[in-house]
Amino acid sequence: MQKVNSFIIDHKKLLPGVYECQVNGVFTYDIRFVKPQDAAHRGLFMDPKVAHTLEHFMADYLRTKTSEEFSSTLLYVGPMGCLTGFYFLTSISYTAEFWRKMVLECVNYILTQDVIPGASELTCGNWQYFDLSGAKEFIKNVIIPNFTSEEFCCEYPYCGE
């Protein structure tokens with residue numbers, strides 16, 4: 001029987017970073033903003049409204065503010081259920097450093113914005129469920145420090161290692 005990839009990762013050792021997994025020709029990037037243990041024990045996970053805000057900004061930024069060559073390979077942008085990061089799915093492989101740079105460019109862009117893209121009754125199923133100031137605080141206090149840290153990682157620690 002096939003195992004769920006994320007269930008064989010040692011979340012006690014997992015660090016902020018970018019982790020790639022390829023299945024059936026689709027590249028999944030685990031964009032981990034925070035150590036799961038810090039989220040669990042120190043409350044550093046994203047508030048759901050913050051995750052929703054970041055989802056709108058990141059989807060918009062990665063699809064409309066980057067090159068067509070890149071944006072045409074982007075299949076999905078969305079938060080993890082555990083609220084410690086995001087998943088990005090693409091049709092081709094990118095390096096961890098590419099994603100590190102892209103995430104930092106995106107979050108720095110968000111810090112300059114006052115209007116959430118697609119945050120209207122017409123374009124969003126939960127158009128009132130956002131927190132832009134909370135998203136900016138999460139970016140400043142969690143994402144930027146972790147994505148500029150020496151602890152930034154790109155190799156999964158597996159259970160039993």
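Around Thr148, with a cut-off of 13 angstrom between Cβ atoms, what is the net charge of the other residues, counting Lys and Arg +1 and Asp and Glu -1?
Charge balance in the 13 Å sphere: -1.
Using 0.36 nm times the number of residues separating Asn108 and Gln37, minus their current alpha carbon distance, what extension gain do you get?
Going from the current span to full extension adds 23.0 nm.
Skipping prolines and chain starts, which residues have an amide H placed within reach, meaning under 5 Å, of the one on Gly85, given they are 5 or more residues away or on another chain?
Phe33, Met80
Would you mind pulling out the separation of the Cα centroids of the stretch 9-34 and the stretch 60-137, in Å?
17 Å
Quick one: Debye curve from the alpha-carbon atoms of the stretch 13-147 only, equal weights, vacuum; give me log10 I(q)/I(0) at q = 0.18 Å⁻¹ to two decimals.
These q points yield log10 I(q)/I(0) values of -1.02.
Measure nothing fancy, just the Cα-based angle from helix 48-64's long axis to the longest principal axis of the chain, in degrees from 0 to 90, nearest 10.
Once rounded, the angle reads 80 degrees.
Over all directions, how big on average is the projection of the convex hull of the alpha-carbon atoms in the stretch 83-124, in square nanometres? Please report the intermediate quantities before stating the final value.
Working: hull surface 18.3 nm².
Computing the convex hull of the Cα atoms and averaging its projections yields 4.6 nm².
What is the helix-to-structure angle for 96-110, meaning the angle in degrees between its Cα long axis and the longest Cα principal axis of the chain, kept from 0 to 90 and rounded to the nearest 10?
30 degrees
Determine ³J(HN,Hα), in whole Hz, for all residues of the stretch 78-84 in sequence, where each value follows from phi through the Karplus function 6.51 cos²θ - 1.76 cosθ + 1.60 and θ = phi - 60°; x replaces Gly and Pro.
Result, ordered by residue: x, x, 6, x, 7, 6, 10 Hz.
Ranking request for peptides 91-102, 111-122, 35-46, 50-61: highest mean number of other beta-carbon atoms within 10 Å first, then the rest in descending order.
Final packing ranking: 50-61, 35-46, 91-102, 111-122.
Read-outs throughout are calculated quantities, based only on the coordinates presented, and are distinct from any laboratory measurement. Here the structure is a predicted model, which is why all the values come from computation and not from measurement. FYI the Cβ positions are ideal-geometry reconstructions off the backbone, even for glycines, and counts take in every protein chain you see.
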